[in-house]
Structures are given as C-alpha cells and as structure tokens.
Amino acid sequence: NVGLRCLVLWNNAIGAGGAAGLAHGLAANSTLQILDLGGNAVGANLLALKDALIGNGGLHTLGLANAQLGEEGGVAMAEVLEGNRSLQRLDLRRNALGIAGLMAIHLAMKSNRAMLEVALDGVGEGTLGDDAELQASFQAEIKAACARNAAAAGSPAALLDESGSVST
C-alpha cells in the first residue's frame with residue numbers, strides 16, 4: 001500500500017505470524033511513517049521485525065510501549081538505531097529493558113544522529129540499588145543524545161529543558 005502513512009495496531013495480540021507479515025510489509029513499504037505496536041507481545045517476535053525496521057527509510061515514529069521487550073529486545077532496538085537513519089521517535093515505555101538493553105541503546109545513540117526522542121518512562125521500575133543508578137544514568141545519557149540531535153537538526157524539541165518546559 002503506497003498510501004498508508006500511519007498504522008496503529010495497539011493491543012492486537014500480534015504473534016509470530018503477524019510479526020512475519022509486518023516484516024514483509026515493512027520491507028516493501030517506504031511511505032509508512034508511524035507504526036504503533038504497543039500493547040502487543042512483540043518482545044518474542046522483535047527479531048523477525050528487526051531487519052525490516054533497519055531497512056525501512058520512511059518510518060519516523062515507532063511505538064513499542066508495553067510490548068514485553070526484555071534485555072534482548074533492548075539490544076535488538078539498539079541495532080535498529082544503529083542501522084536506521086530515518087527513525088526520529090521511539091516509544092519504549094513500560095518495557096523491562098534491563099541494564100544490557102539500556103546500555104546497548106545508550107551506545108547506539110553515540111553514532112545515531114536522527115533520533116530526537118526515546119520515551120523510557122517505567123523502564124526501570126522495580127530496580128533497586130546500583131542497578132537503578134546505572135539505568136538512570138543510561139536513560140539520562142540517551143535523553144542527552146536525543147537533545148544533541150534535536151539541537152543539530154534545529155528541532156523545536158531542542159528548546160525543551162530537562163523538565164520538559166520551554167527554555168528561553
């Protein structure tokens with residue numbers, strides 16, 4: 001479909017077959033700009049989508065909130081961030097990415113110049129002690145990398161300070 005620009009499949013119980021179909025469609029589609037797969041158990045099927053997400057040059061927003069991504073999913077998303085140069089917004093809220101997933105995303109953001117926003121609310125919930133500090137540090141550095149990219153792109157997002165308020 002060359003006219004489809006936004007596809008929201010929130011909470012649709014997408015399984016392995018659906019993920020494979022989506023991967024095939026993403027590989028053939030350059031017009032889709034927004035894809036929201038939040039609320040689906042994408043975690044186990046993310047590897048089927050990874051190559052298609054890397055190769056898709058039209059997608060700028062990807063929603064994976066509450067998609068049961070674990071550390072392996074975080075690492076796979078880091079690979080997407082390294083390979084995809086059009087993705088600007090990524091929603092990873094309420095996923096247990098763990099230290100390995102957040103560290104991989106943090107490292108991928110060092111070379112990524114397109115990503116403007118990575119939503120990570122609720123990613124470290126329930127983590128205690130040194131692990132919580134490390135996760136918070138990775139999250140802050142990911143946010144800083146997004147701000148760097150926004151400033152370089154002249155994006156209005158660059159005008160937001162750390163609290164989300166408009167800076168003057």
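The values are calculated or read from the model by the stated rules, or taken from the named source; none is laboratory data. Because the structure is predicted, anything quoted here is derived from the model rather than measured. Heads up, the Cβs are rebuilt from the backbone with ideal geometry, glycines too, and the neighbour counts pull from every protein chain shown. These accessible areas exclude ligands, DNA and RNA; they are computed on the full protein's heavy atoms, side chains included. Shrake-Rupley method; radii C 1.70, N 1.55, O 1.52, S 1.80 Å.
Largest accessible area first, the listed residues LEU134, LEU37, LEU7 line up as LEU134, LEU7, LEU37 when surface is computed with a 1.4 Å probe on the assembled protein chains.
Put a dot 7 Å past the Cα of ALA136, heading toward its Cβ, do the same for SER111, and the two dots end up 3.1 nm apart. Rounded to the nearest 0.05, the FRET efficiency derived from the C-beta distance between ALA28 and ARG85 at R0 = 22 Å is 0.70.
Each helix, a run of at least 4 DSSP H residues, gives -39500 (n - 2.57); summed and divided by the residues of the chain, these come to -14000 deg cm²/dmol at 222 nm.
Relative contact order of the chain, taken over Cα pairs closer than 8 Å and 6 or more residues apart, is 16 percent.
Put LYS50, LYS110 in order of accessible area, highest first, and with a 1.4 Å probe you get LYS110, LYS50.
Among residues other than ALA145 with Cβ under 11 Å from its Cβ, the summed charge is +2 (Lys and Arg +1, Asp and Glu -1).
Working note: Karplus 6.51/-1.76/1.60 with θ = phi - 60° gives region 89-97 the couplings 9, 9, 9, 10, 4, 6, 10, 8, 6 Hz, where Gly and Pro are set to x.
Entry for region 1-79 at q = 0.16, 0.22 Å⁻¹: log10 I(q)/I(0) = -0.51, -1.02, Debye formula applied to identical alpha-carbon scatterers, no solvent contribution. In the context of the full set of protein chains, residues of region 1-105 present 43 Å² of accessible surface per residue (probe radius 1.4 Å, heavy atoms only). Only protein heavy atoms count here; under a 1.4 Å probe, SER86 has an accessible surface of about 30 Å². In plain terms, the bigger the Kirkwood radius, the slower the diffusion; for the chain, with that radius from Cα pairs, at 10 °C and 1.306 mPa s, Stokes-Einstein puts D at 99 µm²/s. Taking every alpha-carbon pair under 8 Å whose residues sit at least 6 apart, region 50-143 reaches a relative contact order of 29 percent.
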